[in-house]
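Student: Pasting a structure below so you can have a look.
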Amino acid sequence: MARYTGADCRLCRREGLKLFLKGTRCNTAKCGLAKRAYAPGQHGQGGKRRQNLSNYGMQLREKQKVKRTYGVLEKQFRRYFDIASKSKGVTGKILLQLLERRLDNVVYNAGFATSRDHARQIVRHGHVYVNQVRVNIPSYSVSADEAIELKGTLKCMEQIRQNIKLTADRGKARWLDIDTEKLSFKVLRLPLKEDISMPIEEQLIVELYSK
């Protein structure tokens, strides 16, 4: 399966925003954006800022930011948009909801992983059970009232408990009922845009794909 294999910090520097692709490291002095707060490449320091971008440029940057945050590539992201555009409701908000409902993102928001990439690895290794059925597909879309728990070797579960301690100061998703002792949580409701901490202008993405 295709995936991005480059340096994560370059993505944050390109967007000029912390995407927290490296988990707790992003809050330390080792953060690539903190050390070099300009876009990568030879023209990074002298390049145009976001406010000087054209409308198309702003739309493109917003799409790239969201794609990189959730760790999806163009083909999959476009598929999410097509589903959202054919659904009843506001396309942009439905798009964000689809991304938030990804199983890897939900495990991350529950605080059981330090980054979405780490959460994706936990899912792929078969440690996540949805309604007592093992699910190893990171893009699995959770639904309201589904019960999710993590199982595995003692070593693996100890690592997840350590992750919970490392993410203790990070806000947990309000649409999840999390039990850190049992390493489980329940989906209380579908996520809303208000539940997303990162500032996202989803209308820019809708405008980009609607051309």
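Rule-based calculations on the coordinates, nothing more; no lab input. On a predicted model such as this, the values are computed, not experimentally measured, just so you know. For neighbour counting, all protein chains shown are included, and Cβ atoms are generated from backbone atoms with ideal geometry for every residue, glycine included.
Student: Efficiency by 1/(1 + (r/R0)^6): what FRET value for residue 53 and residue 83, r their Cβ-Cβ distance, R0 = 30 Å, to the nearest 0.05?
Tutor: 0.60
Student: Highest mean first, what order results for 162-172, 110-120, 71-81, 90-100 on Cβ atoms within 10 Å?
Tutor: Ranking the peptides 162-172, 110-120, 71-81, 90-100 by packing returns 110-120, 90-100, 71-81, 162-172.
Student: Going 7 Å from the Cα of residue 155 along its beta-carbon direction, which residues of the stretch 104-130 have the amide nitrogen within less than 17 Å of the resulting point?
Tutor: So the set is 122, 125-127.
Student: Can you tell me the dipole magnitude for the stretch 53-202 around its Cα centre, using point charges on the Cβ only (Lys, Arg +1; Asp, Glu -1), in Debye to the nearest 20?
Tutor: I would put it at about 400 debye.
Student: Would you mind calculating the gained length between residue 170 and residue 137 on full extension (0.36 nm times residue separation, minus the Cα-Cα distance), in nm to one decimal?
Tutor: Full-extension gain reported as 9.4 nm.
Student: Residue 188's amide H: which non-local residues (gap 5+, or another chain) put their own amide H closer than 5 Å, with H modeled 1.01 Å from N in plane and none for Pro or chain starts?
Tutor: When sequence neighbours closer than 5 places are left aside, the close amide H contacts are 145, 176, 177.
Student: What chymotrypsin sites (Phe, Trp or Tyr not before Pro) in the stretch 136-211 are in a loop by DSSP, with at most 14 other Cβ atoms within 10 Å of the Cβ?
Tutor: Answer by residue number: there is no such site.
Student: Starting at the first residue of the stretch 115-124, write each ³J(HN,Hα) from the Karplus equation 6.51 cos²θ - 1.76 cosθ + 1.60 with θ = phi - 60°, in whole Hz, x for Gly and Pro.
Tutor: Running phi through 6.51 cos²θ - 1.76 cosθ + 1.60 with θ = phi - 60° gives 8, 5, 5, 5, 4, 4, 5, 4, 5, 5 Hz.
Student: Same structure again: Can you tell me the length gained on complete extension of the stretch residue 147 to residue 197, counting 0.36 nm per residue apart and subtracting the Cα distance?
Tutor: This chain segment gains 15.6 nm when fully extended.
Student: Something else about it: Residue by residue, what Karplus-based ³J(HN,Hα) values in Hz, rounded to whole numbers, does the stretch 86-101 have, using 6.51, -1.76 and 1.60 with θ = phi - 60° and x for Gly and Pro?
Tutor: Those phi angles translate into 8, 8, 6, x, 7, 3, x, 5, 5, 4, 5, 5, 4, 5, 5, 7 Hz.
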